[in-house]
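Just below is one structure, and these are the notes that go with it.
The values are calculated or read from the model by the stated rules, or taken from the named source; none is laboratory data. All values reported here derive from a predicted model rather than from experimental measurement. Because the Cβ atoms are built from the backbone with ideal geometry, glycine has one as well, and the counts that use them run over all protein chains shown. Just the protein is used for accessible areas: all its heavy atoms, side chains included, with ligands, DNA and RNA removed. Shrake-Rupley method; radii C 1.70, N 1.55, O 1.52, S 1.80 Å.
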Amino acid sequence: METRANHLIVGSFVLVLLIGLVGFVLWVAGSRSDQSYTQYDIFFAQAITGLRTGDPVSYRGIPVGQISSIRIAPQNPDYILVTADIAESTPIGPNTVATLALQGITGGAYILLDTDDSGALSATGVRAESPSGHRVIPSKASRIDQIIAGAPDLISRAITLLDQANEVFGPENRAMITATLSDLKTVSGAIAQNPERLDKVMADAEATVTAARAAAERFDGMMTKLEGTAGNLDSQLSRTLTELRTTVGNVDQGATQLLTELRGTNRNLNSLIDENRTPINDFTSNGLYELTALLAEARSLVTTLNSLAVQIERDPQRFLLGGQQQGYTPGD
């Protein structure tokens, strides 16, 4: 009797559960029938593995429809034609793009609608003419597809990197690294055995740094003095250039004045020549001949005077008395 009662309770519970499930399905179907849907065609150039009829369509994560059919595009076998029923209230515009997305890591695939404002949709989006006359939503490769497409290149680079790493850590390089580590161990052991030498090296290094700091300070002082000297030279050069400009201006002014005076003198000479042109012509025609004769006579006179001077110098008494006078002779 108790077993029959338990079966009755279980059967009642299952019946109520089935009635609730049927009611839920009817409610979902009723809520779906209350909305108006529009069919859109989406062309995919890449594989759509995991996408099936009845999978959802989301607009920025909000469910707005589901996939009604999947087939190969009749005009172009390279494309996969996906027809989706999407609610009319969905804001689908000219920049709306469809991508293939995954529901979690292990979930199924679905179509994600979003707006592409980057301007690259015209260059990368897949478009085609719908054979059924439906509106077309362009598609583009998702990030997952981009990662899968770039995987061969990534693997090739990883292999190259591993080959280079193998070359770096080859037998010869490993031997060199081992020898270097051994040398470092030897050096560290020597330092540990002679801490006094390490202290001396550190003291010498500190003294070197101090000397370098002092030299840097002296260099800074020298540069400061050099800057001061350069400033003084700059001011002196400026004064010299100013004086030179003044001198050049004075010379220019004096040269201009001298040129003006020379021009005036030239005009005066020209006027003087014009006024005395006739006497000058008479002098050049007659006076020069007379002047030549006068010079010849003057030359003859000078020659005579020279001869006379020589005679006077030799015997002035004879020149003055006209001859020698005989003196007194005794006995006459």
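The table for this structure:
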{"quantity": "Hits in the stretch 180-219 - residues which are surrounded by 10 or more Cβ atoms within 10 Å (Cβ to Cβ), acidic (Asp, Glu) and farther than 30 Å from PHE169 by Cβ", "calculated": "ASP199, ASP204, GLU206, GLU217"}
{"quantity": "Any hit, the stretch 210-223, residues being over 39 Å from the mean Cα position of the chain (by Cα) and more than 30 Å from ILE48 (Cα to Cα)", "calculated": "yes"}
{"quantity": "Within the stretch 66-94, considering residues that are in a loop (DSSP other than H, G, I, E, B) and β-branched (Val, Ile, Thr), the one most open to solvent (accessible area, probe 1.4 Å)", "calculated": "ILE92"}
{"quantity": "Qualifying residue in the stretch 14-22 (condition: modelled with pLDDT under 75 and either assigned by the TED database to the domain that holds ASP85 or surrounded by 10 or more Cβ atoms within 10 Å (Cβ to Cβ) (or both))", "calculated": "no"}
